[in-house]
Amino acid sequence: MRRFMRHTALGFSRLDALDSRTMLSLGTGLPLAGPIASQSDSFSHEHILVRYDLGSIQHASIGDLAGELVPGLRAVPVPEGSSVAEAIALARADPRVLYAQPDYLVSITSSPNDPRFGSLWGLNNTGQLVGGTPGADISAMEAWSVTTGSPEVVVAVIDTGIDLSHPDLAPNLWVNPGEVGGNGRDDDGNHYVDDIHGWNFVTNTPNVRDDNNHGTHVAGIIGAVGNNELGVVGVNWNVQLMTLKFLNSSGKGTTSNAIKALNYAVQMGAHVSNHSYSGGAYDAAFADAVASARSRGHIVVTAAGNDFSNNDVNPAYPANYVSDNLISVAATDAYDYIAGFSNYGATTVHLGAPGVSILSTVRNGSYGYMSGTSMAAPHVTGAVALIRGLHPEWSYDQVIAKLLTTVDKVADLDGQVQTGGRLNLGRAVTSETVGPRIESASYVPGDHTRIRLRFNEAILPGSFTPDDLVSLTGPEGQGVEVTAVTAVPGSADREFDVSFTSAGIGTYQ
């Protein structure tokens, strides 16, 4: 099975044979690498964690194997004068290495000092709502023990605008680095004049102040400043919120302006955009905009809709545009039930997130409660931003796969959303980050036209197709056509059967 590819959210990397060596330390003259995490104090600078292929180190000395954490995994010192990123780059280039990562620092989990944090059941559900189910939340505190966000990540809030003077949001507002405000010129050449915080596509001006409350509420869920002894806290304590207004004071807008807003977000470098609105029919131009965003690695998060309708049967847009960079979100309540108003869809809605009685920022520096899939979507948008900030080297599909394969399975969402679960940000951030790997490969009992692959963790069934296999060679060295890849029922998406055209009994590679 050496010719199969090892699945990751990004794609596949070759399972080549690893050579046997004995030296388990890192050398010098390390190549430069991209950033490992946004916060340099979030991991040890003295060593990294490296997991070696057991076959490649079977002749290693006893001293080399001392301190092994699990078979093949050990802490390796960072060479003097080198950075953690450089050490990891060198380790990953070693054919013996299965994966290498920082040794992240953890601490006692404590609540942020924002005075109304206790009311944010979606982030930490202690049963504070009468009858609420403790733990029916996104496990934000577990995630915050690793990271609280990154100011390098830009989130586009495509909505009714944002209260720019809100003290819980103002420090996290995106500022266009190429524009000089108030000079009446298009300094950065993007065809928008004085677009300091974004753009108002309703009036075609840089005035992006919220005149409705909806956009400010959404923004607070994503990125209200954390631990500032004020109001609430967002999923991200540190992030950049780009303000793109296309909905008017009544909460209505045109599809054409929504497309312009998405295009602006992508053009100006936003990593993810939140779309907490629904309505209208399929629009080919919008589908093209989502596809264009995909080509730039931009993730689109959408509200599933509030009609308690099956999106598989009655499409709702933009949630139903088909692209692997789009996530559609249903709303759940404090009991882990799907909200009575929420749209659903076993194939078109991806997961659930808190969306009932959500406290967040509103205009005039105030706070208020709202409900809707409009509130569920920004929980997921904030989660995307948090993961992206922790792993800036990941592609959009790696981020999405990590988020969707780490949900909490919830009985009321089974058969209602694609993953059957509700967002668990804590698990997404703290679970193994190297991506799924093939653990075993064998014939399906009694069938010599199917090979069963078992992965070390769940992968998205739709992301594993015949095109994801490099090649399959038959016993006589002939090429063999792979005809289908199907998930094995009951395997929690860890086992897949690869069907192929039979070339006789023997060894397939």
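Here, each number is a calculation from the coordinates, and none is a lab measurement. Everything quoted here is computed from the prediction, not taken from an experiment. Using ideal geometry, Cβ is built from the backbone for each residue, glycine included, and neighbour counts are taken over all protein chains shown.
Karplus-derived 3J(HN,Hα) values for the stretch 220-232, using 6.51 cos²θ - 1.76 cosθ + 1.60 with θ = phi - 60°, are x, 4, 6, x, 4, 4, x, 6, 10, 6, 9, x, 10 Hz; glycine and proline are entered as x. For the stretch 388-431, the Cα-based Rg and Dmax, in that order, read 11.4, 35 Å. Sorted on the mean count of surrounding Cβ atoms within 10 Å across their residues, most packed first, peptides 227-234, 178-185, 130-137, 377-384 read 377-384, 227-234, 130-137, 178-185. The mean of 1/r over all pairs of different alpha-carbon atoms in the stretch 117-430, once inverted, gives a Kirkwood hydrodynamic radius of 18.8 Å. The orientation-averaged projection of the convex hull spanning the C-alpha atoms of the stretch 169-315 amounts to 10.0 square nanometres. The translational diffusion coefficient of the stretch 167-234, from Stokes-Einstein at 37 °C and 0.692 mPa s with a Kirkwood hydrodynamic radius over alpha carbon pairs, comes to 247 µm²/s.
Below 19 Å, Cα to Cα, which lysines can residue 260 reach? Residues fewer than 8 away in the same chain don't count. Cα-Cα hits under 19 Å: 245, 252.
Count the DSSP beta bridges whose two residues both fall in the stretch 117-430, then state the antiparallel fraction as a percent rounded to the nearest 5.
Close to 20 percent.
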